[in-house]
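Contents: one structure, followed by commentary.
The values are calculated or read from the model by the stated rules, or taken from the named source; none is laboratory data. Model, not experiment: these values are computed from the prediction. Cβ atoms come from the backbone with ideal geometry, glycine included; neighbour counts cover every protein chain shown.
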Ligand SMILES: [Zn+2]
Ligand SMILES: [Zn+2]
């Protein structure tokens with residue numbers, strides 16, 4: 001069977017390995033769809049670490065084979081593959097708080113989910129129905145949006161600023177609207193490109209009341225003119241280096257939540273006094289363990305979350321390099337690219 005690994009900058013190899021037979025408490029999933037995430041694009045562009053990197057973690061498929069001890073699933077059942085689960089044995093897990101598990105379990109370091117099959121522990125798959133495979137693959141970014149909006153504690157009548165109109169920012173937009181936010185402003189870059197235009201247009205459909213292009217020289221003045229009192233909540237899905245530029249927009253007592261990982265500058269600086277006197281809060285969201293999968297699959301299947309406009313491109317597995325170029329292209333109206341695997 002073939003699986004996709006980044007083996008050099010801008011190089012993906014489909015590596016042939018043996019069929020991964022499930023062990024006693026495992027299942028082997030026939031992968032049918034896998035979304036391309038920003039992290040995959042970072043691996044592809046930068047090849048950090050210099051060793052082959054497995055791709056994919058937004059996966060759906062069906063159970064192909066089950067291990068001897070697996071009794072509650074059978075071949076053919078549709079499942080998504082969860083990428084991080086709590087260990088169940090550390091101090092946090094044993095004291096009723098798996099959310100702060102210090103020993104999170106993942107397959108992502110040694111197995112590609114952009115693969116024909118993936119062998120995985122039983123507790124890392126969640127069954128679903130009422131969605132096709134491509135639709136189910138966007139449950140993962142939705143769980144990430146759940147986590148950051150929960151951390152941000154958005155309440156009705158809040159003014160919310162969302163930075164980054166990728167799929168996570170767009171899901172956050174719709175979640176903020178569902179909560180009853182008073183106004184939702186979305187910030188994005190290069191909104192004049194086809195990619196940017198598409199995202200700005202979909203942001204409005206998902207609930208944004210204003211969209212600002214941060215490449216325009218007067219964007220800050222425009223935000224302040226429109227929102228002179230600032231925002232009660234700021235949700236940052238753009239890289240963490242944007243945090244210092246966004247703090248000014250927070251209202252007194254405001255809360256800023258961010259979820260990006262910094263791939264370039266790990267250190268950021270901002271004015272500690274302004275932060276202090278405005279009594280701001282800065283919260284990190286990291287959606288591991290992914291607690292939100294059953295909820296995400298339920299909301300998607302009941303069409304309570306508008307996801308259809310977000311899935312813009314699908315490519316077969318053998319065109320994976322093309323899928324990655326499209327995902328990076330400013331000249332395509334691209335939001336989420338999903339790689340599709342034959343049966
Ligand atoms: Zn991801
Ligand atoms: Zn644990």
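Numbers below:
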item	result
Residues within region 257-291 that are under 12 Å from the mean Cα position of the chain (by Cα) and crowded, with 16+ Cβ neighbours inside 10 Å, tallied	6
Unmet requirement for residue 108, which otherwise passes all of (1) closer than 27 Å to residue 235 by Cα; (2) assigned by TED's automatic domain parsing to the domain that holds residue 37; (3) modelled with pLDDT under 95; (4) in a helix (DSSP H, G or I)	(4)
Spans of strands (runs of 3 or more DSSP E) in region 1-87 with at least 3 residues assigned by TED's automatic domain parsing to the domain that holds residue 336 and within 15 Å of ligand 1 (Cβ to nearest atom)	26-35
Whichever residue in region 93-108 is closer than 28 Å to residue 36 by Cβ and near ligand 2 (Cβ under 10 Å from one of its atoms) and, among such residues, is surrounded by the fewest Cβ atoms within 10 Å (Cβ to Cβ)	99
Helices (runs of 4 or more DSSP H) lying entirely in region 258-343 (those with 2 or more residues that are farther than 23 Å from residue 62 by Cβ and touching a strand residue (DSSP E or B) at 6+ places or on another chain (Cβ under 8 Å))	320-328
Candidates 149, 143 - the one that is in contact (Cβ under 8 Å) with a residue 24 or more places away in the chain and over 20 Å from residue 40 (Cβ atoms)	149
